[in-house]
Amino acid sequence: HYLAASNKWIDDYKLNGLDIIGKSHYEIFPEIGEDWKKIHQNCLQGVSQKYEEDKFIREDGTVQWIEWEIKPWFLDSKTQGGIIMYTDDITERKVTQEKLKISEQAFRGNFENAAIGMALLNKEANLIQANKIQKMSLKK
């Protein structure tokens, strides 16, 4: 059950206006699968884990990418009181990376398959890369 949550975390998960303190994590996120429940159980046994990019599919079908870390929380040096979860919504970054990847793939395909010679030059006008047609004309 939640003891505390940051405002940023509440914003990231669009939980504004909900009273989550005292509620179970599984009440708030009924879409949580068995894999996450296992991670929580392992943490309650003292096992810390983290992941830099994890896909979380929300109950409404939206995809949220998160970076997360989960650690045991101790009442004293011997008694575990629960778990601490750190999550960061990295969805915007992942969407930007995917758009960049698609753009690079499109450029590479156009560059390599162009019907005319194409070349990439650096600021000093030195050849960095040329497509097949350009390479054939450079050999002549």
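The values are calculated or read from the model by the stated rules, or taken from the named source; none is laboratory data. These numbers were taken from a predicted model, which means no experiment stands behind them. As a convention, Cβ positions derive from the backbone with ideal geometry for all residues, glycine included, and neighbour counts pool all protein chains shown. Note: areas computed on protein heavy atoms with side chains; ligands, DNA, RNA excluded. Shrake-Rupley method; radii C 1.70, N 1.55, O 1.52, S 1.80 Å.
Annotations for the structure displayed:
- Unmet criterion (only one of (1) in a helix (DSSP H, G or I); (2) touching a helix residue (DSSP H, G or I) at 6+ places or on another chain (Cβ under 6 Å)) for I70: (1)
- In the stretch 17-74, residue most open to solvent (accessible area, probe 1.4 Å) [restricted to those that are among the aromatic types (F, W, Y) and under 20 Å from I90 (Cβ atoms)]: Y51
- Here K78, K55, K23 are screened, and the one residue that is closer than 30 Å to T96 by Cα and not small (G, A, S) is K55.
- Boolean, I10 is β-branched (V, I, T) and either in contact with a strand residue (DSSP E or B) (Cβ under 7 Å, 6 or more places away or on another chain) or in a strand (DSSP E or B) (or both): no
- Only one of I102, I116 that is within 30 Å of N131 (Cβ to Cβ), in a helix (DSSP H, G or I) and open to solvent by 70 Å² or more (accessible area, probe 1.4 Å): I102
- Residue satisfying all of: in the stretch 38-76; among the polar types (S, T, N, Q) and more than 10 Å from the chain's Cα centre (by Cα); modelled with the lowest pLDDT among these: T62
- Filtering the stretch 77-88 to residues that are open to solvent by 50 Å² or more (accessible area, probe 1.4 Å) and modelled with pLDDT of 90 or more leaves T79, Q80, I83, I84, M85, Y86.
- Per the conditions (1) of a type outside the set (A, V, I, L, M); (2) in a loop (DSSP other than H, G, I, E, B); (3) over 21 Å from N7 (Cα atoms), the sole criterion not satisfied by D54 is (2).
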